[in-house]
Amino acid sequence: MNFRIAIIDQGTDHRHQRLSLCRMSGATIMKTARGFERLAGIFTDDTGHGTGIASIIHKLVPHIELFSVRLASADRRLSEDLLTEAINYCLEFSDIRIINISMGIPTEAPSNSLLDACGRAERQNVLISAAAYKYPNTSCYPAHFPTVFGVSTGLVADKFEYGFCEGPINILAKGTTQRVATLDNGYKISSGTSFATAHFSGIAASILAKTPVTRMSEWRDLIRKGARVNIQPLIYFHADAPIPTLHQRSREEFDEKGLSLFTNRIKAGFGKDIAIYPASEKEMNTIVEFAEYCRFRIRALVDYPIRLIRQDPQKKRELDVIRDIGRIDFSAFDTVVCGYFLDQLADGNISFSIRFVKECLARNKNFICWDVDVSDLIQKLIRETGPSCTSAIEVVRVTNEMYRSIREYNNLPYLKTPVISIVGTSNKQGKITAQLRIRKILEEEGYKVSHVSTEPQGILFGADFCFPYGYKCPIEPPEHEWSRLMRIALRGIQQYNKPDIILTGTQGALLPRSRTISNEIGHDLSSLHFLLGVMPDAFCCAINPDDEPEFIYQTIEAINIWCKSKCLFCFMTPWSRTILTNSDSVQGLTRRRLLDRKEISEKLHFFERRLSLPVIDVMDAAQDRFILNAIQEAFSAPVMAVN
């Protein structure tokens, strides 16, 4: 089978004695102020790197012709767009079946044009072999694209030996210290992922020469089958960085772990009947008020014996709230959903909480928690109870270990599923409520919706991924890693849930209302880190009756600037807030008042006029059709006219 291997580098010295019998041609792609120029027949080597790469490939497959593509620019810098141009140039030749790229761009945000070029290569059944960065914790492109074979150095004894891995980097090949060709007909001793990439390109060519394939999937299967097991990676790492591990798992193990990370899975053994404790907390109110959306059956509402929070008389409950342990029917539920009961100032309430937990442990009840302190206490009580206790705990949090597992899925296809986010101008606006309403509207229309919840109770509402960065934030990875974490998580959700749309929302506000409230500004930055990870295609903005239109406009514009996202509509909470500032009140304390129907209608019309956007009551069933149409129109592709 006749085909060529392209080498994208900084040129090749085809007169080197190691390449004297090699059939070779090539060209230069030059980046100038006017654009790109193609210089056929010119591919002289400036550094010796490309000559070393060519010498390795030629040694493995001496009968295959090489095509050297030299990258050059007026400012002597190699850029991402220059690499993209070179890949597209190689794809113009039908006989080029392998592209060797022993270089890469260390970045977290590769360009769409580079991604598209690599995707085009896969569709044309052209294999791209690209070098990983020397530090495996650093993303490097195109090696980390799922359509590319990313190559790192493995501890192999033979030049035709290699390992195959499921992960961002697929291949471990010979990149250890070796003798390679360089400039002036010389040789040097060197090592690195560049040379491992060249070895794999030669190996892939030998496979293709023996077994012609017509689809990349066939080629990939042959490469997977020909790999040696238990090949260990040669890992370079910074002195202050944790030593990473490179797992060699089967595809089944890889997918099974992906399902556990990116789908809604409560631990095995958890039932469907739950008790809520303490029922007076905000998060619990949401669960009770929207029990119809809950994936569990609420069988008991348990609260503190000492009432510290005045209950809203507007809320109607099907179950009575129990404040006496002697009245609890423990047989009615198998799992307890626990809130922040250790935050109580009343000793009697904390004592009641511990007694309630002990009674549940004595009956082997399970627990779902979102307060790490509460989880630690329950674990301690389980140990004290002894081996007879079989209670299990599900904690809604994101640990560093979980993040390391998520990063292994960075090679999944880039996100194409539409993302809608619910944002707001402040807290306590019903953003989680709006998410549940919109999800129900879409699901009743037949759409499959994946929910990414920033509220811990989202796990009970069937959220596929919970990132509860609000109160007592149980997120271990630092904020500067959140965007990366969420980008990978959304790819995982797309891969393992196959949703039609992904729905999410932020906590609190996005913009600070004051330059003097440091805690508020810090929380706003948390929302920004999260939002830049999910990068919604469209959003809906929650507003308050007392908001200034200018502040709402600034919030919407900020999201437009950061995310290039479109606001579909605004929705207004029916609660007005009055700040108490007289001498008898604590500064900053607010009083909430529920607006009547007339006031709500007047405010909705006022904001519509001032914002030039639809402003609705998201809980009004009469708005369901409008909400559905707004979302459908936002993501409907225009129909091209046929002439």
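The values are calculated or read from the model by the stated rules, or taken from the named source; none is laboratory data. Given the structure is predicted, the values throughout are model-derived calculations rather than measurements. When we count neighbours, we look across all protein chains shown, and the Cβ atoms used for this are built from the backbone with ideal geometry, even at glycine. Ligands, DNA and RNA are stripped out before the accessible areas are found, and what is left, the full protein with its side chains, is counted by its heavy atoms. Shrake-Rupley method; radii C 1.70, N 1.55, O 1.52, S 1.80 Å.
Okay, which of the range 318-348 sit inside 18 Å, backbone N to the point 7 Å along the Cα-Cβ direction of ASP273? Once the point is set 7 Å along Cα→Cβ of ASP273, 318-322, 326-338 turn out to lie under 18 Å by backbone N, inside the range 318-348. Model label sites at ASP329 and THR390, defined 7 Å from Cα along the beta-carbon direction, differ in position by 2.4 nm. Placing unit charges on the Cβ atoms only, positive for Lys and Arg and negative for Asp and Glu, gives the range 1-149 a dipole magnitude near 340 debye about its Cα centre. For GLU608, project a label point 7 Å along Cα to C-beta. Then give me every residue of the range 418-440 with its amide nitrogen under 18 Å of that point. None, by backbone N distance to the label point. Rounded to the nearest 10 Å², what accessible area does MET619 have for a 1.4 Å probe in the complete protein model? Number for this one is 90 Å². A full extension of the chain between MET216 and MET1 corresponds to an added length of 75.8 nm, given 0.36 nm per residue minus the alpha carbon distance.
Counting pairs of Cα atoms in the range 91-204, how many percent are more than 19 Å apart? Value for the range 91-204 (Cα pairs over 19 Å): 45 percent. Between PHE551 and ARG15, the simple spin-label model (points 7 angstrom out along Cα→Cβ) gives 7.4 nm.
Computed over neighbours whose Cβ is under 12 Å from that of ARG4, the net charge equals 0, Lys and Arg +1, Asp and Glu -1. Each of TRP562, TRP482, TRP575 has its accessible area taken with a 1.4 Å probe; listed largest first, they run TRP562, TRP575, TRP482.
Legend: calculated FRET efficiency, ASN629 to HIS480, from the Cβ-Cβ distance at R0 = 45 Å, rounded to 0.05, equals 0.70. With a Förster radius of 56 Å applied to the beta-carbon distance between LEU319 and MET24, the computed FRET efficiency rounds to 0.10. Applying the criteria of a DSSP loop state and at most 15 other Cβ atoms within 10 Å to the trypsin sites (Lys or Arg not before Pro) of the range 1-47 yields ARG15, ARG23, ARG34.
Farthest toward the positive end of the dipole of the chain, out of ILE561, SER94, CYS360, is the Cα of SER94, where the dipole comes from beta carbon charges about the Cα centre. Computed over protein heavy atoms with a 1.4 angstrom probe, the accessible surface ordering of TYR133, TYR162, largest first, is TYR133, TYR162.
Global dimensions of the chain from alpha-carbon coordinates: Rg and Dmax equal 29.8, 94 Å. Residues in the chain average 46 Å² of solvent-accessible surface per residue, probe 1.4 Å, ligands and nucleic acids excluded. Here the chain has 50 percent of its accessible surface on carbon and sulfur atoms, given a 1.4 Å probe and all protein chains in place.
Taking 7 Å along the Cα-to-C-beta vector as the label spot, tell me the ARG179-ALA209 distance in nanometres, rounded to one decimal. With each label placed 7 Å out from Cα toward Cβ, I get 2.2 nm. Computed about its Cα centre, the charge dipole of the chain is approximately 1120 debye, with only Lys, Arg, Asp and Glu carrying charge at their Cβ. Most simply put, the chain has about 20% antiparallel DSSP beta bridges, counting only bridges with both residues inside it. Of all segments of the chain bounded by GluC sites (Glu not before Pro) found in a DSSP loop with no more than 15 other C-beta atoms within 10 Å, the longest spans 109-317.
Between the helical axis of 80-90 and the longest alpha-carbon principal axis of the chain there is an angle of about 50 degrees. In this structure, the pairs whose alpha-carbon distance is over 22 Å, taken from LYS428/LYS448; LYS472/LYS498; LYS440/LYS498; LYS440/LYS472; LYS31/LYS564, are LYS428/LYS448; LYS472/LYS498; LYS440/LYS472; LYS31/LYS564. Take the Cβ-Cβ distance between LYS598 and ARG123 as r, set R0 to 41 Å, and report the resulting FRET efficiency rounded to the nearest 0.05. Efficiency, from the Cβ-Cβ distance: 0.10.
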